[in-house]
Amino acid sequence: IISYINPQVKNLKKPVRADGSEIPMITIGHYNPEIPQISFIGNNYSSLGWQLGVESEKMAKKSDRTFVLISGKSTNPNYGNMVSNLVTFYKSNDVKYFEILDKSTGENEERILSAIRDSELKNISIVCLTEEDTLRTMRIVSSVPAGHKAKVLGFGENETFEIYLKKGLLTKLVSLDPVKIGRTAMMELFEYKTRGYANNYISAEIRVRNGK
């Protein structure tokens, strides 16, 4: 079985045959150590943090004030690794003017609004580390008169993002490549069926798209 694991769903039951034996699983999306799986295809949070640093530096000017947005995830060790590598990239590449916004959703939105409305800040860059933060940021940027001065790097897959990219409101979008994930999952399933084993962990490939 190839199965997408939703992090919001708790107490997942492992699939079994009628005789009670486990059905081999290849999982994608989010890693759950409680589920027996022959292979997992998903985020390498450390390398993803570095990649987001690379892409955001390409997008921003040295004089930009950069806000890294990660609402309500500060206690998640995976996102902690992502932020740590992102900050390491910034410091090693002389990106000086950045601020990590890792508080509640409401507090982070207020800080973003304040920055956009601040006439002293001529150009700002916003780096969103989750799909939820990307959606909220785009709603703010598209509804505030001064929103045009914000360059936004979003993360995730969402039909709405395509609209923002085409309108040029979303400057850049980083996501995991769903086609390559599906192809890799099928290859691992074939490997397991023909050889009896598969790679335990495979880092999903990243796709980067630029706005118009």
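What follows is calculated from the coordinates using simple rules that are stated; it is not laboratory data. All values derive from a computational prediction rather than experimental measurement. Backbone-built Cβ (ideal geometry, glycine too); neighbour counts: all protein chains shown.
Odds and ends about this structure:
- Computing Rg and Dmax of the Cα atoms in Å directly from the structure and comparing it against [x] 23.1, 76; [y] 19.4, 69; [z] 20.0, 64 singles out [y].
- Under 21 Å from residue 62, Cα to Cα: lysines that are on another chain or at least 8 residues apart: 91, 96, 122, 149, 151, 172
- Spacing of the two label points (7 Å from each Cα toward its C-beta) at residue 84 and residue 22, in nm: 2.9 nm
- Value of [θ]222 nm, deg cm²/dmol, for the chain, DSSP H segments ≥ 4, -39500 (n - 2.57) each, nearest 500: -13000 deg cm²/dmol
- Helix 77-92 axis, angle to the chain major axis (alpha carbon atoms, nearest 10°): 50 degrees
- Against the main long axis of the alpha-carbon atoms of the chain, helix 131-143 sits at an angle near 30°.
- In loop segments of the stretch 126-161 as defined by DSSP, the GluC sites (Glu not before Pro) with at most 14 further C-beta atoms inside 10 Å of their C-beta are 157.
- A protection proxy built from the mean count of other Cβ atoms within 10 Å ranks the segments 96-106, 45-55, most packed first, as 45-55, 96-106.
- Formal net charge of residues neighbouring residue 162 (Cβ-Cβ distance under 14 Å; K, R +1; D, E -1): +3
- Subtracting the Cα-Cα distance of residue 180 and residue 46 from 0.36 nm times their residue separation leaves 46.2 nm of extension gain.
- Highest mean first, the peptides 111-120, 162-171 sorted by other C-beta atoms within 10 Å per residue fall in the order 162-171, 111-120.
- Each peptide in 60-68, 32-40 was scored by the mean count of other Cβ atoms within 10 Å over its residues; highest first, the order is 60-68, 32-40.
- Angle between the chain longest axis and helix 178-195 axis [Cα atoms, degrees, rounded to 10]: 20 degrees
- Dipole in debye (nearest 20) - the stretch 47-98, about Cα centre, beta carbon charges: Lys, Arg +1; Asp, Glu -1: 140 debye
- When the chain is treated as a GNM with alpha-carbon contacts under 10 Å, the residue of 76, 158, 199 showing the greatest mean-square fluctuation is 76.
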